[in-house]
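Have a look at the structure below before the remarks.
The values are calculated or read from the model by the stated rules, or taken from the named source; none is laboratory data. Note that the structure is a prediction, hence the values are computed from the model and not measured. We place every Cβ from the backbone using ideal geometry, glycine too, and count neighbours over all the protein chains shown. Ligands, DNA and RNA are stripped out before the accessible areas are found, and what is left, the full protein with its side chains, is counted by its heavy atoms. Shrake-Rupley method; radii C 1.70, N 1.55, O 1.52, S 1.80 Å.
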Amino acid sequence: MGEFADAIQERLRERLAERQLSLDWRTEYRVGPTPVDIAGVASGAAADSATPKTLALVELEWRRADPADNSAKLFRHLADGALDEHDRIVVCQVFTGYYDLARGGVSSKRENAEFVGRVAAEAFDRVAYHPVDFDLDPPKRGAEWPDDWRGRADDCARRIDDLLD
């Protein structure tokens, strides 16, 4: 990802950290050998208590050619036991406007990714999967950043936060 995508990733992490205080929010969190863009990991007393240990995983699909690959890798590692220490896993796959079609609807690439996510969540009792719209059409490398990118990122973080409760 480029500089702008990194700024979005960090903005989302910061906003989620402000909203979900029981989780320790990190970027480039490893699930097996695969880095996940943003993760909220049960921390402190929450990690040591009888409260279910939650892991929130946020995968930012900027303009990836095959976002279903991210879904498949993540859930493959889950099936291999990489996340067995967590009682509850919430996966939010964030899709930018790149995956929207001009005639309405979304691309088959996004549909495939969502299908993989839904099937995986149905296969594991402790896993929830949510596709999340990010109302931003990512500029190509070197192009101007939209003036309102911070507000749009904050809106996206609010949508993710709502799914974690």
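Taking Lys73, Lys140, Lys53 as the candidate residues, the one with maximal mean-square fluctuation in a Gaussian network model of the chain, Cα springs under 10 Å, is Lys140.
Given DSSP loops and a limit of at most 11 other Cβ atoms within 10 Å, what is the longest stretch of the chain that contains no such GluC sites (Glu not before Pro)? Maximal segment without exposed cleavage sites: 1-84. Between the DSSP loop rule and a limit of at most 15 other Cβ atoms within 10 Å, which chymotrypsin sites (Phe, Trp or Tyr not before Pro) in region 107-165 are left? For chymotrypsin sites (Phe, Trp or Tyr not before Pro) across region 107-165 that sit outside H, G, I, E and B with at most 15 neighbouring Cβ atoms in 10 Å, the list reads Phe124.
Of the residues Asp155, Asp69, Asp84, which exhibits the maximal mean-square fluctuation in a Gaussian network model of the chain defined by a 10 Å Cα contact cut-off? In the Gaussian network model the winner is Asp84. Rolled with a 1.4 Å probe across the full set of protein chains, the surface gives Thr27 an accessible area near 50 Å². Working note: 222 nm ellipticity from helices only, DSSP H runs with n ≥ 4, each -39,500 (n - 2.57), summed and divided by the residues of the chain, gives -13000 deg cm²/dmol to the nearest 500.
The ellipsoid that matches the Cα gyration tensor of region 122-165 has semi-axes, each √(5λ) in whole angstrom, of 29, 13, 6, with the longest given first.
For Asp24 and Val106, the difference between the fully extended length at 0.36 nm per residue and the C-alpha to C-alpha distance is 26.3 nm.
Residues whose amide H falls under 5 Å from that of Leu55, counting only those 5 or more places apart or on a different chain, are Arg88, Ile89, Val90, with hydrogens built in the peptide plane. Calculated FRET efficiency, Ala79 to Leu163, Cβ-Cβ distance, R0 = 30 Å: about 0.85 to the nearest 0.05. Annotation: per residue accessible area for region 87-152 equals 59 Å², rounded to a whole number [probe 1.4 Å, protein chains only]. Full extension of the segment from Phe115 to Asp6, taken as 0.36 nm per residue of separation minus the current Cα-Cα distance, would add 36.6 nm. Counting only protein heavy atoms and a probe of 1.4 Å, the accessible surface of the chain is 46% carbon and sulfur.
Looking at the chain, the DSSP beta bridges with both ends there are about 45 percent antiparallel. Within straight-line reach of Lys109, meaning a Cα separation under 23 Å, sit the following lysines at least 8 residues removed in sequence or on another chain: Lys73, Lys140. Ellipsoid fit via the Cα gyration tensor, region 40-147: semi-axes of 29, 17, 11 Å, each the root of five times an eigenvalue, largest first. Please give the residues of region 76-97, grouped as numeric ranges, whose backbone N is less than 17 Å from a label point set 7 Å along the Cα-to-Cβ vector of Asp155. Once the point is set 7 Å along Cα→Cβ of Asp155, 94-97 turn out to lie under 17 Å by backbone N, inside region 76-97. Taking the chain as a Gaussian network of alpha-carbon nodes connected by springs under 10 Å, the highest mean-square fluctuation of the residues Arg141, Arg118, Arg63 belongs to Arg141.
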